[in-house]
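Here the structure is laid out as structure tokens; the discussion comes afterwards.
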Amino acid sequence: MNNLHCNHFSMHPELILHLLRNHRTLFRRHLQSQQLTYADHGHPEQVLELRKVKIPSALQADQVQYSMLAASINPADINQIQGVYPVKPTLPAVGGNEGVLRIEAVGNEVTNLRVGDWAIPAQAGFGTWRNVGVANAKDLLKINNQLSVAEAATLAVNPSTAYRMLQDFVHLQPGDVVLQNGATSAVGQNVIQLCKHFGYTSVNIIRDKSNTVDSIDYLKELGADHILTENQLKSEDAEMLFSNIAAPKLGLNCISGRSTVFMAAALCSNGKLVTYGGMSKQPLQVPTGTLIFKRIQLHGFWMSAWNAQQKNQTERLHMLNTLTDLLLQRKLRTPRLEMIPFKDYKLAIKQACDATTTTTARKQLLVFES
């Protein structure tokens, strides 16, 4: 009997080679992806559900299999689930637009990625709240795996938004003044650090909270030049500050409401006010006179729309490389984060939802088992 078995296998060496070459494919057949999904729009705490989905049995030539390392929870993610965000994936959908993943296997025609590489989604709507998945290689951008997981997972949205707004609207020179509200927000923290790096003077408006002193100390540590609370905007403190510095050429707004009345008035003639958020949920308010007599210009900025334009792809890679270098040189740091295991996603979602009307809460980061 033993001899018969030996003869049987010795007659089929190609079968053994086939099994050895395709052990990863066989292994993938038993992989299940844990995905945080929603079948209807609504409050995230009510509509999100953790589902197990089988990974495709084999990769197509242009596909990769990946494991998520970490995924952020941004206000846009919450809005997307609520159905009020312009990017609306087909339902049911996996939540999450930003994160970092590691490549585990590649199709035989994939040339831009290798096993072990780190990558980030190329566009919004990727669905990063899952532990493993399969994607087309063209939908991913390779990044430097010398970054920390937290740095890589938060590279695409907040620092990129800050960088673009400082680069694209005003030709700033060292010494020029940038005025922003929501300075404690994740974007605001990046604006402060990039202003310091480029030599711009930052004037930062924060809300009056119980932890105001802590926030001021932290922003100064990041490199903030001047900090005003909202209550100080009509005081002698603000008047004295702006009498001693050049009028800001650029204003960055993520609050709207009454905050922008002051900002528009403070800008220099022909200054530009760029809006990238509306945390107050109030309309943008700008005095008519600033538009007529100071010729203030109003602009909106949306990172996802900028990323989607083909003409920006070369500049995008340059931007990501620049930001990566600054992170590795410790000239830029991630915003204050709270890293939460994926299994505790309910806590992370709750805290992210509670933070949608404030700029002082820590950014939530879902961390996956490696």
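What to note about this one:
- Summing charges over all other residues whose Cβ lies under 14 Å from the Cβ of residue 214, with Lys and Arg as +1 and Asp and Glu as -1, gives +2.
- The mean sequence distance of close C-alpha pairs (under 8 Å, at least 6 residues apart), as a share of the length of region 234-279, puts its relative contact order at 44 percent.
- Gap separating the Cα centres of region 268-288 and region 158-210, nearest whole Å: 15 Å
- Full-stretch length increase - residue 293, residue 241 - with 0.36 nm per residue and alpha-carbon distance subtracted: 16.4 nm
- For the chain, alpha-carbon Rg over 2.2 N^0.38 Å: 1.17
- Reachable lysines, given that their alpha-carbon falls under 26 Å from the alpha-carbon of residue 138 and they are not under 8 places away in the same chain: 52, 54, 88, 311
- Between region 295-319 and region 32-85, the alpha-carbon center distance in angstrom: 26 Å
- Helix 313-328 vs. the chain, principal-axis angle (Cα, 0 to 90°, nearest 10): 80 degrees
- Using alpha-carbon coordinates, inclination of helix 345-354 to the longest axis of the chain, degrees: 20 degrees
- Region 105-205: trypsin sites (Lys or Arg not before Pro) in DSSP loop, at most 11 other beta carbons within 10 Å: 114
- Total formal charge among the other residues, if their Cβ is under 15 angstrom from that of residue 149, Lys/Arg +1 and Asp/Glu -1: -2
- Taking a ≥ b ≥ c as the square roots of the eigenvalues of the Cα gyration tensor, region 158-305 is classed as rounded, since a/c falls below 1.5.
- The chain: relative contact order in percent, alpha carbon pairs under 8 Å with at least 6 residues between: 16 percent
- Cα lying deepest toward the dipole's positive end in the chain, options 122, 44, 197, charges on Cβ: 122
- DSSP-assigned coil residues among trypsin sites (Lys or Arg not before Pro) in region 290-370, each with at most 15 further Cβ atoms within 10 Å: 295, 330, 331, 336, 362
- Sites matching chymotrypsin sites (Phe, Trp or Tyr not before Pro) across region 271-370 that sit in DSSP coil, with at most 11 neighbouring C-beta atoms within 10 Å: 293
- Sites excluded, GluC sites (Glu not before Pro) in DSSP loops with at most 14 other C-beta within 10 Å, longest stretch of the chain: 110-368
- Each other residue within a Cβ distance under 11 Å of residue 169 adds +1 if Lys or Arg and -1 if Asp or Glu, for a net charge of +2.
Values in this text are rule-based calculations from the coordinates and carry no lab data. What you see is a predicted model; the values in this text were computed from it and never measured. FYI the Cβ positions are ideal-geometry reconstructions off the backbone, even for glycines, and counts take in every protein chain you see.
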